[in-house]
1. Without any contact (Cβ under 8 Å) to a residue 60 or more places away in the chain, part of a loop (DSSP other than H, G, I, E, B), surrounded by fewer than 10 Cβ atoms within 10 Å (Cβ to Cβ) and not aromatic (Phe, Trp, Tyr): is that true of VAL3 in this structure?
2. Within the range 33-43, can one find any residue that is of a type outside the set (A, V, I, L, M), surrounded by fewer than 10 Cβ atoms within 10 Å (Cβ to Cβ) and in contact with a strand residue (DSSP E or B) (Cβ under 8 Å, 6 or more places away or on another chain)?
3. Among the residues of the range 9-32 satisfying the criterion of being surrounded by 10 or more Cβ atoms within 10 Å (Cβ to Cβ) and part of a loop (DSSP other than H, G, I, E, B), which is farthest from the chain's Cα centre (by Cα)?
4. Within the range 42-58, identify whether any single residue is free of Cβ contacts under 8 Å to residues at least 12 places away in the same chain, part of a helix (DSSP H, G or I) and within 21 Å of the chain's Cα centre (by Cα), and answer yes or no.
Amino acid sequence: MAVPKRKLSRSRTRRRRAQWLSRTRPAAARCQQCRAPVRPHTVCHSCGAYGGRQVIDVAE
């Protein structure tokens, strides 16, 4: 089995791992109140609801 001769630097390791997240599309869900597309576990930007209740006031 091959063994690396030198330790990989942090920048080289992180540069390689930076490609992992770009391969999958971000998940999308629908807001329960206004049916706008939102990221999961995130407050809706259009109506300000999260988990079926009003969390923030959004000026329209």
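Throughout, read-outs are computed from the coordinates displayed, never taken from laboratory work. From a predicted model like this one, the values you see are computed outputs, not experimental measurements. So basically every Cβ, Gly included, is an ideal-geometry build from the backbone, and we count neighbours across all protein chains shown.
1. Values: without any contact (Cβ under 8 Å) to a residue 60 or more places away in the chain: yes; part of a loop (DSSP other than H, G, I, E, B): yes; surrounded by fewer than 10 Cβ atoms within 10 Å (Cβ to Cβ): yes; not aromatic (Phe, Trp, Tyr): yes.
In short, yes.
2. We begin by selecting, within the range 33-43, every residue of a type outside the set (A, V, I, L, M); these are 33-35, 37, 39-42.
Next, only the ones that are surrounded by fewer than 10 Cβ atoms within 10 Å (Cβ to Cβ) stay: 40-41.
Within this subset, residues satisfying the condition of being in contact with a strand residue (DSSP E or B) (Cβ under 8 Å, 6 or more places away or on another chain) are 40.
Among the residues of the range 33-43, at least one is of a type outside the set (A, V, I, L, M), surrounded by fewer than 10 Cβ atoms within 10 Å (Cβ to Cβ) and in contact with a strand residue (DSSP E or B) (Cβ under 8 Å, 6 or more places away or on another chain), which makes the answer yes.
3. GLN32
4. Within the range 42-58, not a single residue is free of Cβ contacts under 8 Å to residues at least 12 places away in the same chain, part of a helix (DSSP H, G or I) and within 21 Å of the chain's Cα centre (by Cα).
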